[in-house]
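The structure appears right after this line, and notes come after that.
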Amino acid sequence: MSQDTPKISVTGLRKSFGSKTILDGIDFEVAQGESLVIIGGSGSGKSVTIKCVLGLIRPDEGTILIDGKDAVGLRGRERDALMKKFGMLFQGGALFDSLPVWENVAFGLIQGHGVSRSQAYAQAIENLAMVGLKEDVADLLPAELSGGMMKRVALARAIATKPEIIFFDEPTTGLDPIMGDVINDLIVHVREEMGVSTVSITHDMASVRKIADKVAMLYGRKLVWMGPVEEIDNSGNPYVDQFIHGRAEGPIQMDVRRP
Amino acid sequence: MNPLAPIGCTVLGFLAAAGRLVLFAAMAVMHCILPPWYPRLVLRQILEIGYFSLPVVGLTAVFTGMVLALQSYTGFSRFEAESAIAGIVVLSVTRELGPVLAGLMVAGRVGAAIAAELGTMRVTEQIDALTTLSTNPFKYLVAPRVIAATLTLPILVAIADIIGVLGGYIVSIGKLGFNPTVYLHSTFDILEPMDVISGLVKAAVFGFLIALMGCYHGYHSQRGAQGVGTATTYAVVSGSILILTFNYIVTEIFFSV
């Protein structure tokens, strides 16, 4: 595999639920070590896009290549092998609430990689340290954590298996601006440390400016703009302009009845 | 509009739902059989489903046995056939009431709990998270519950049988004035191994159905608190109805043998 093969290459991705089309021909590429951020309003299909790449949702049409290999419809061992390349930070954390923090972090190591429990514990503590958490949280249950701590534990879990591609689903949503920035810093730090490719979805512009190399805007079932983060303020694209400035007036119409 | 269309829609919807359920059941059974297994999780579920259901099932059984002795006395004394009460109690409890009532109670307790837990995991994306951590949710969540329920229900029902017969004994001796030795003698005289075995087979079938319905509805739960609530209701209702349906089917099979 040459250095030029993109980590992720998506072409012509289509997905409908019943009669409702969510994605209608999405194309993008993510290079080795690159950070793509997909922005867009609520319900624009951002989550569906990354869930298709992850294999949690099966696309109706289109190809998804991971390291140049087709990933759509893989099953059994091939799917398992592919899953080991992925890490995912879910929006609500999605921590297993029946397991203590350290077992959450070590889950992928114990179940997926067959690491012994004592070894996995040590690695979990290392990963917790990487997101700035001390050993004393290790035995707490997820219900005892604050929102910011939960996100950090979820981040520790996503990086514990040393994935090559990490997905972030609205990493800063629901956090105060300072904790949001802490999470952004952690994401940047983790990416530099591990050299991974990342795909994030968010509508938090502060987060976009901090973690993105490349930005793609999803609107009306298609990607309406894609470019480097430096160009986002001079994109010349009315959709992007309206979105980054958060204006109600513009080409993007929300389904809100006006008085 | 074609007046037949709603009928067709309903029938097609029902068939599609039945098909999805059968596919889910086939997947569940396949993952119960094929490795990797999670013995720790199976043990935990056995404790959860079996051990913690003991009080509920025991209380149901003792009162059922007691009321059975009392009611059959009312009927049988009119024919001066009081001596048949011991037999009536033991046969009703082992063949029918033990498995069915224990099954229904466990469907309410365990079916609802499974659906609520899996439903919440679905809604909070924990099931998706399992997949991203290279763990098959069918193996990790569904299989341990199905295995544990299928194994523990027969044990629960065996205990319910004993407690139910004891309930009948207490009322017959204490209230109706039977001779203890004669009562016990006629109880064991009439009982055949097949009576108990058919009840235990029923129990295993019911256990499988309870866990399956709990997992199925929880796994496919819709969003939000209401989605989980609906999943829980469906799990209990469909579990109970399937128990009563399969009760007849299994009885019929044993009847023909």
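So that you can scan it fast, the table gives a plain yes or no per residue for (1) modelled with pLDDT of 90 or more; (2) of a type outside the set (Lys, Arg); (3) farther than 25 Å from A:Met205 by Cβ; (4) outside any loop (DSSP other than H, G, I, E, B):
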| residue | (1), (2), (3), (4) |
| --- | --- |
| A:Ser2 | no, yes, yes, no |
| A:Thr5 | no, yes, yes, no |
| A:Ser9 | yes, yes, yes, yes |
| A:Gly12 | yes, yes, yes, yes |
| A:Lys15 | yes, no, yes, yes |
| A:Glu29 | yes, yes, no, yes |
| A:Val37 | yes, yes, no, yes |
| A:Ser47 | no, yes, no, yes |
| A:Val53 | yes, yes, no, yes |
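So which helices (runs of 4 or more DSSP H) are wholly in segment B:87-206 and hold at least 3 residues that are out of contact with any Leu (no Cβ under 8 Å at 6 or more places or on another chain), more than 14 Å from chain A (Cβ to nearest Cβ) and of a type outside the set (Asp, Glu)? If you could, list the steps in order and put the result at the bottom.
Values: elements: B:98-106, B:112-123, B:126-132, B:143-174, B:180-190.
Result: B:98-106, B:143-174, B:180-190.
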Could you please let me know if B:Phe52 is open to solvent by 10 Å² or more (accessible area, probe 1.4 Å), modelled with pLDDT under 95 and assigned to a helix (DSSP H, G or I)?
-> yes
Give segment A:212-255 a look and list any residue that's free of Cβ contacts under 8 Å to residues at least 40 places away in the same chain, open to solvent by less than 40 Å² (accessible area, probe 1.4 Å) and among the small types (Gly, Ala, Ser), or say none.
-> A:Gly227, A:Ser235, A:Gly250
Considering residues that are within 17 Å of A:Ser197 (Cβ to Cβ) and hydrophobic (A, V, I, L, M, F, W, C), the number found within segment A:1-30 is 5
Of residues in segment A:78-94 being facing chain B (nearest Cβ under 7 Å) and part of a helix (DSSP H, G or I), the one modelled with the lowest pLDDT = A:Asp80
So, in segment A:55-66, of the ones that are outside any strand (DSSP E or B) and open to solvent by 20 Å² or more (accessible area, probe 1.4 Å), which residue ends up farthest from B:Asn136 (Cα to Cα)?
-> A:Asp60
Residue tally, condition at pLDDT 90 or above and farther than 20 Å from A:Gly41 by Cβ, over segment A:166-180 | 1
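The values are calculated or read from the model by the stated rules, or taken from the named source; none is laboratory data. Predicted model only: the values in this text are computed from it and were never measured. Neighbour counts run over all protein chains shown; Cβ positions are idealised from the backbone, glycine included. The accessibility values were calculated without ligands, DNA or RNA, using every heavy atom of the protein model including side chains. Shrake-Rupley method; radii C 1.70, N 1.55, O 1.52, S 1.80 Å.
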